[in-house]
Amino acid sequence: MLSPDSGRGFTIVELLVAMSILAVLLALGVPAMGTYLQNSKLASATSSLYSAVQTARTEAIRRNVQAQLVLTDTPVDTADIANALAPAVGGRNWVVRAASGGGGFIPAIETKSGAEGEASTVAPAIQVAGAASGPIPPAFDGTISFNGLGATVPPGATYTFDITNPTAGLCATAGGTIRCRRITILPGGQIAACDPAAPAGDSRAC
């Protein structure tokens, strides 16, 4: 004999309660997930720029000539980008180039467009602001130069890049939730990436 089915479904009240709980959880979780994604995008951009600075210094040492990392708004798909680009302090693209024997620069060693990984080429999310300091502060135009020994040019120059994501919100140092980053290049060529909001003693602190 078949036994009667003792199982039962959910009542309307139970379904409404479950949906209400789910809605609350989503409302709490979506903003946090959005912040996480924006911070991940910023961290990825920082890693890419950090790698570019390392590449410029490595090429200077390897070739024993002056090599540069150049921030620019010039499109990086042009044939002779190494000589045609115009440096920009907050340029969205970057180019690594090295000096040639002819007084110019060899075709770009490595390039990256700031539009990569972003939905818009008009209103970029990630912003880079460079600055320079030193005994005789160079006029920073978006270019960082290394000599054949891997030291910055001019001698004694220290460079910094502050990487922010203003479309996502304020940096944590200004009371926001975005973990903005900083890259520092010391006169000897040492390169460090840090989080200005990290507390003293933290390995990520500046």
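The values are calculated or read from the model by the stated rules, or taken from the named source; none is laboratory data. Bear in mind the structure is a predicted one, so any value in this text is a computation, not a measurement. All Cβ positions, glycine included, derive from the backbone under ideal geometry; neighbour counts span all protein chains shown.
Taking the criterion of being modelled with pLDDT under 90, closer than 25 Å to residue 77 by Cβ and under 21 Å from the mean Cα position of the chain (by Cα), would at least one residue in the stretch 175-188 satisfy it? No, there is no match, as no residue in the stretch 175-188 is modelled with pLDDT under 90, closer than 25 Å to residue 77 by Cβ and under 21 Å from the mean Cα position of the chain (by Cα).
Among the residues making up the stretch 108-117, those that are assigned to a loop (DSSP other than H, G, I, E, B) and either modelled with pLDDT of 80 or more or touching a helix residue (DSSP H, G or I) at 6+ places or on another chain (Cβ under 6 Å) (or both) are 108, 109, 113. In the stretch 160-170, of all residues being aliphatic (A, V, I, L, M) and crowded, with 17+ Cβ neighbours inside 10 Å, the one that is modelled with the lowest pLDDT corresponds to 168. Checking every residue in the stretch 90-107 against the condition of being part of a loop (DSSP other than H, G, I, E, B), touching a residue at least 60 places away in the same chain (Cβ under 8 Å) and touching a strand residue (DSSP E or B) at 6+ places or on another chain (Cβ under 9 Å) gives zero matches. For the structure I just gave you, tell me whether residue 173 is surrounded by fewer than 18 Cβ atoms within 10 Å (Cβ to Cβ), in contact (Cβ under 8 Å) with a residue 24 or more places away in the chain and either part of a strand (DSSP E or B) or touching a strand residue (DSSP E or B) at 6+ places or on another chain (Cβ under 7 Å) (or both). So residue 173 does not fit the description; no. The single condition among (1) of a type in the set (Gly, Ala, Ser); (2) modelled with pLDDT of 80 or more; (3) in contact with a Gly (Cβ under 8 Å, 6 or more places away or on another chain) that residue 82 does not satisfy is (2).
The C-beta contact set for the stretch 63-75 (first residue part of a loop (DSSP other than H, G, I, E, B), second residue of a type in the set (A, V, I, L, M, F, W, C), distance under 6 angstrom, 6+ apart or interchain) comprises 65/98; 65/99; 66/99; 73/88; 74/85; 74/86. In the set (1) at pLDDT 85 or above; (2) part of a helix (DSSP H, G or I), the condition left unmet by residue 29 is number (1). With the requirement that a residue be assigned to a strand (DSSP E or B) and either more than 17 Å from residue 71 (Cβ to Cβ) or in contact with a Gly (Cβ under 7 Å, 6 or more places away or on another chain) (or both), what does the stretch 140-159 give you? Once the filter is applied, which keeps residues that are assigned to a strand (DSSP E or B) and either more than 17 Å from residue 71 (Cβ to Cβ) or in contact with a Gly (Cβ under 7 Å, 6 or more places away or on another chain) (or both), the stretch 140-159 yields 146, 152, 158, 159.
For (1) more than 20 Å from residue 154 (Cα to Cα); (2) at pLDDT 80 or above; (3) β-branched (Val, Ile, Thr), each residue gets a yes or a no:
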position	(1), (2), (3)
1	yes, no, no
35	yes, yes, yes
42	yes, yes, no
65	no, yes, yes
68	no, yes, no
75	yes, yes, no
98	no, yes, no
104	no, yes, no
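Restricting attention to the stretch 185-204, the residues that are free of Cβ contacts under 8 Å to residues at least 12 places away in the same chain and at positive phi total 1.
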